[in-house]
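The values are calculated or read from the model by the stated rules, or taken from the named source; none is laboratory data. No experiment lies behind these values; they were computed from the predicted model shown. So basically every Cβ, Gly included, is an ideal-geometry build from the backbone, and we count neighbours across all protein chains shown. What goes into the accessible areas is simple: the full protein's heavy atoms, side chains included, and nothing from ligands, DNA or RNA. Shrake-Rupley method; radii C 1.70, N 1.55, O 1.52, S 1.80 Å.
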Amino acid sequence: MVSTVQNSDVKQKNEDQAVVVAVTFAAVFDAEAEDDRDVYRLGVALPLLQVLQRVNERLLEENPVEHQLFDIILITTETRQQQQSSSIITSTRHHGLEVGRFCFSSEDDFIESLAQNNVQLFLTTDGNEALRATQQGVPSALLDKNSASCPSDQLRVVLCQDATIQPDADSSGASKKSAQSFLTRLGQIRQKFGMFNSPLCFTIVTSCGGKDSCCSALKSLRSLGVSVDEAYCLGGAPRGPILSILRPHFLLSDGFSQLEG
Amino acid sequence: TVGRPGSTLGPRPKPENSITIAVSSRVLFNMEKEQQIFEQQGMEEYIKYQVEHETEPFSPGPAFSFVKALEAVNTQLRDLYPESEELFDVVLITNNHAYVGLRLINTINHHQLFIERFCMTGGNSPIGYLKAYNTNLYLSSDPVKVHEALGEGIAAATMFTPDKMTEVSETQLRVAFDGDAVLFSDESEQIYKAHGLDKFFEHEKAHENKPLDHGPLKGFLEVLGKLQKKFYAKGQRMDCPIRTYLVTARSAASSGARALKTLRLWGLEIDEALFLAGAPKGPILEKIRPHIFFDDQMFHVEGAAEMGTVACHVPYGIAQRVPEKKGLKDKEVSSIK
């Protein structure tokens, strides 16, 4: 049974306009390590949490009554975690994390709670969880140990475009729609800042496709209201090197590749 | 005008096998008008203008004929070695934000350039990218970026636009190099700066058999030489599609020998060595008609450009720190930031 608890330390966001991002327990905390006071140590998602907060701060600087802010939910995806609810709440408050709500669910019902909470982006360290969420129409991205060394002053979103169609990615109308909706909202947030010194940066990386495929992607995104800052068309070169320069907080590919066709 | 029929050129070379030439948008194309708008009216007007003219192709810039010649060499290499990936691979580099870059892509298509790689950095430095993807040569109009690239061990030069551009071959790539502080280190140049031309000639004759240290563009000459050998292997020595030139202030009578011996020791050939003994380079370059000429001294770069040669400045070595003997200042070209 899912229970949702508000974090009273954090000002609640406007339900209609906020961009809801759910991050799993295993990404927020390093579940293996607890210190003496039963407080969990922070995990790979820390720079991401910091940078989402930074974007919110900059948004409020531009407009003190801004409602289109990032709203972060911490979600558990296993029964064992679900049972640690009080430790989780304590640890979150101890570290002063800007988590608006907690969603205590298990492996059986976390997908449902993503939907119930109007989650627009689901971030996890678990590939299966990401896959399941994507199949149910929630744009997802994986975090890993590289995420831990990302910058905390600028949210770097990289849209990775590959010629290879991923057979397991769901291409239903609902998935496509939710991916587009998420990108549109990010685009709206991006528009609130100027060309330079923006706390949010969009980059396209086209691995295998040629320049025309990159070009179509730029135009599709433009029609969604997304202004892309950087674009790298690699012409078949491996994407490892450019990604280690860009240091994205997360890569969008499944949701994005569904934009084509 | 984005779509165009699929390329019939076959699979793209893997970057580790190809020779990567990175060119900035402002040397590949003529963007003077837009640059002026940026400088006089600011970023917003500049972007507005670019987007409004998105389907209007830019006209060719100083690097255009060089890139076309690289493609001509590729065509001839593919004919002789259809399986080989040792080809030139041109990457377009721009500081622009990506959606402004659409006009650049349209322009590439319009001019039928075979450029499939590009790097739109949105204002960040491209140097990390250049390093990560094994760039063999970087050409830009921005001396700051060129300097940064040289500092990272990437062969680089600042390209200038000649007032008029002499016609160049469409089938044979011609590359001309200065010697000291370009192919070779600046060790001898230091002597010249401190003690003058005669002392330089004396010193070089005395050290004739001691090879010079290498300069920033030695590697590029090396890759050109590798490709030339592939043509020679197929019997194309006399009419090789690549031709290289050394255009140096050294004198044939004295200091020239050390340069030639050094090249020989490195296993590098140069097709024509022109020893000017201090005479101006403009006239000889006008006869040679290279697609590109590299020199470390602005005096020579400007002299070449005045006579229609696409000349590039390699900001390396002692010449950058000691004032020009002829009193000419470097041209500073500001970049879009």
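Of the residues making up region B:85-109, just one is part of a helix (DSSP H, G or I) and of a type in the set (Phe, Trp, Tyr), namely B:Tyr99. Report yes if B:Lys164 is under 20 Å from B:Phe294 (Cα atoms), part of a loop (DSSP other than H, G, I, E, B) and outside the structural domain of B:Ile242 (by TED's automatic domain parsing), otherwise no. For B:Lys164, the condition - under 20 Å from B:Phe294 (Cα atoms), part of a loop (DSSP other than H, G, I, E, B) and outside the structural domain of B:Ile242 (by TED's automatic domain parsing) - is met. If you check B:Lys205, B:Lys218, B:Lys193, B:Lys199, which single one turns out to be closer than 28 Å to B:Ala277 by Cβ, modelled with pLDDT of 95 or more and basic (Lys, Arg)? That would be B:Lys218, the only listed residue that is closer than 28 Å to B:Ala277 by Cβ, modelled with pLDDT of 95 or more and basic (Lys, Arg). Scanning region B:112-127 for residues that are outside any loop (DSSP other than H, G, I, E, B) and more than 7 Å from every other protein chain (Cβ to nearest Cβ) yields a count of 1. Taking residues in region B:259-288 that are on the phi > 0 side of the Ramachandran plot, and partners anywhere that are open to solvent by 60 Å² or more (accessible area, probe 1.4 Å) and not in a helix (DSSP H, G or I), the pairs with Cβ atoms closer than 9 Å and at least 6 places apart or on different chains are B:Ala277/B:Ala252; B:Ala277/B:Ala253.
Tally time: how many residues in region B:246-273 are open to solvent by 10 Å² or more (accessible area, probe 1.4 Å) and within 27 Å of B:Ser141 (Cβ to Cβ)?
Start the filter on region B:246-273 by keeping residues that are open to solvent by 10 Å² or more (accessible area, probe 1.4 Å), which leaves B:249, B:251-254, B:257, B:260-261, B:264-273.
Imposing the further condition that a residue be within 27 Å of B:Ser141 (Cβ to Cβ) reduces the set to B:249.
Number satisfying all stated conditions: 1.
Cβ separations smaller than 6 Å between residues 6+ apart or across chains give the following pairs from region B:57-76 residues that are touching a residue at least 12 places away in the same chain (Cβ under 8 Å) to residues that are open to solvent by 20 Å² or more (accessible area, probe 1.4 Å) and β-branched (Val, Ile, Thr): B:Pro62/B:Thr161; B:Ser65/B:Val168; B:Ala72/B:Thr171. Across region A:184-231, the qualifying residues are those that are more than 9 Å from every other protein chain (Cβ to nearest Cβ), of a type in the set (Ser, Thr, Tyr) and in contact with a strand residue (DSSP E or B) (Cβ under 8 Å, 6 or more places away or on another chain), and the one among them that is farthest from A:Leu243 (Cα to Cα) is A:Ser213. Against the numbered list (1) open to solvent by less than 10 Å² (accessible area, probe 1.4 Å); (2) away from every other protein chain (no Cβ under 14 Å); (3) in a helix (DSSP H, G or I), B:Leu130 comes up short only at (2).
In summary, strands (runs of 3 or more DSSP E) completely within region B:232-327 and bearing 3 or more residues that are under 27 Å from B:Glu208 (Cα atoms) occur at B:242-248, B:272-275, B:292-295.
Taking (1) within 14 Å of chain A (Cβ to nearest Cβ); (2) out of contact with any Pro (no Cβ under 6 Å at 6 or more places or on another chain); (3) polar (S, T, N, Q) in turn, B:Thr107 satisfies each apart from (2).
Applying the criterion of being among the aliphatic types (A, V, I, L, M) and in a strand (DSSP E or B) to the residues of region B:169-227, the residue that is surrounded by the fewest Cβ atoms within 10 Å (Cβ to Cβ) is B:Val175. All of B:Ala277, B:Ala319 fail the test of being at pLDDT below 95 and in the same structural domain as B:Ala206 (by TED's automatic domain parsing), apart from B:Ala277.
Output yes when any residue across region A:53-74 is open to solvent by 10 Å² or more (accessible area, probe 1.4 Å) and on the phi > 0 side of the Ramachandran plot, and no when none is. Looking through region A:53-74, none of the residues is open to solvent by 10 Å² or more (accessible area, probe 1.4 Å) and on the phi > 0 side of the Ramachandran plot. For region A:192-214, the set of residues classified as open to solvent by less than 10 Å² (accessible area, probe 1.4 Å) and of a type in the set (Phe, Trp, Tyr) consists of A:Phe202 only. Counting only residues that are open to solvent by 10 Å² or more (accessible area, probe 1.4 Å) and under 30 Å from A:Leu59 (Cβ atoms), which one in region A:233-245 is farthest from the other protein chains (Cβ to nearest Cβ)? Ranking the qualifying residues of region A:233-245, first place goes to A:Leu243.
Looking across region A:1-52, the residues that are surrounded by fewer than 21 Cβ atoms within 10 Å (Cβ to Cβ) and among the hydroxyl-bearing types (Ser, Thr, Tyr) come down to A:Ser3, A:Thr4, A:Ser8.
Among the residues of region A:234-246, which ones are touching a strand residue (DSSP E or B) at 6+ places or on another chain (Cβ under 8 Å) and closer than 16 Å to B:Lys131 by Cα? Steps first, answer last, please.
Step one: list which residues in region A:234-246 are touching a strand residue (DSSP E or B) at 6+ places or on another chain (Cβ under 8 Å), which gives A:234-235, A:237, A:239, A:242-243, A:246.
Passing the criteria: A:Leu234, A:Ala237, A:Arg239, A:Ile242, A:Leu243, A:Leu246.
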